[in-house]
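Scroll down for the structure; my scribbles are underneath it.
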Amino acid sequence: MISIALYNIKGGVGKTAGCVNLAYLAAEQGKKVILWDMDPQGAASYYFKQTAKLKGGVKKMLQAEISLSDNIHETGIENLDIIPADFSNREHDVILNGIKQSKRKFKTLINQLEGLYDYLFIDCPPGIGPLSEAIFAAADYIVLPTIPPTLSIRTYEMVKGFFEANNLDAERIRCYFSMVDIRKNLHNETLAQYYKSKHFLKNYIPYLSTIEKMGTQVAPVAVFAPSSYAAQCFRDVWKELKKSIS
């Protein structure tokens, strides 16, 4: 199983849309996929019309009161399951701070899915703290959707610096540009600047109204607009990402 965490220090960069659509495309290709929604906003869970039945799930799982499988829901989409978010996710950092060897225990949780799925996608909350550190240590790849403005680019540099300072393998970082508006000179200049970076994919996700419609359609783009430009862009990103991690 390959675990892929969609993460960014900043919110509002298209992280959840990327996680939902890439997970769907992997499942569409016949792979067994599970998405773990760790963002307390629960947007990924909303897109798949799922709500958590067990509250305080992560704390109970880390304390071995319940197993990860107790929280798995079917999405109704072939090959795609989900671990929905609940609002107690907002307390993850406090919970992990209070548990000894929390990074190792989090990795053990992920390992429970080994052999059951081909891909695990994790929709991470924004920010940086004990939870993100545990995810950095446990996931096979950290994927950063990054919007072109300078402040967003800084978050990539910060994550890369964190990996290097903490002896984590920065080769596990992947990035792709999202919410790109090619009418803006700054966006074009930023894409050109990072085009040759080993961490950045060549394909990107434009700023498109079709993607915004996920909220009203309550589904991945390829479900309600399979022939759209937005769906093709996500397919191109997934194809390149999959090749880079295989």
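The values are calculated or read from the model by the stated rules, or taken from the named source; none is laboratory data. Model, not experiment: these values are computed from the prediction. Glycine also receives a Cβ, built like all others from the backbone with ideal geometry; neighbour counts cover every protein chain displayed. Remember, those area values only see protein heavy atoms, side chains included, never the ligands or the DNA or RNA. Shrake-Rupley method; radii C 1.70, N 1.55, O 1.52, S 1.80 Å.
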Ranking request for peptides 137-148, 112-123, 167-178: highest mean number of other beta-carbon atoms within 10 Å first, then the rest in descending order. 137-148, 112-123, 167-178
How high is the relative contact order of the range 93-211, given as a whole-number percent (alpha carbon pairs under 8 Å, six or more residues apart)? 22
Whenever you get a sec, compute what percent of the accessible area on the range 95-177 sits on carbon and sulfur atoms (1.4 Å probe). 51
Does a label point 7 Å from the Cα of residue 191, set along Cα-to-beta-carbon, have any residues of the range 4-24 with amide nitrogen under 17 Å, and which are they? 14
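Need one number: convex hull volume per residue for the range 161-217, Cα atoms only, in Å³.
118
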Quick one: plug the Kirkwood hydrodynamic radius of the range 190-246 (C-alpha pairs) into Stokes-Einstein at 4 °C, 1.567 mPa s, and report D in µm²/s. 104
Farthest toward positive dipole pole in the range 182-246 [+1 Lys/Arg, -1 Asp/Glu at C-beta], among 229, 193, 211: 193
Highest mean packing first, using Cβ neighbours within 10 angstrom, the peptides 199-212, 13-26 sort as 13-26, 199-212
The range 1-44: Kirkwood hydrodynamic radius (Cα pairs, Å) comes out at 11.3
Å² of accessible area per residue within the chain, as computed with a 1.4 Å probe and no ligands counted: 46
Which of the DSSP-defined H helices in the chain satisfy a minimum axial length of 30 Å, computed from C-alpha atoms, and a minimum mean Kyte-Doolittle hydropathy of 0.0? none
P(r), alpha carbons of the chain - 5 Å bins starting at zero, rounded %: 1, 6, 14, 19, 21, 17, 12, 6, 2, 1, 0
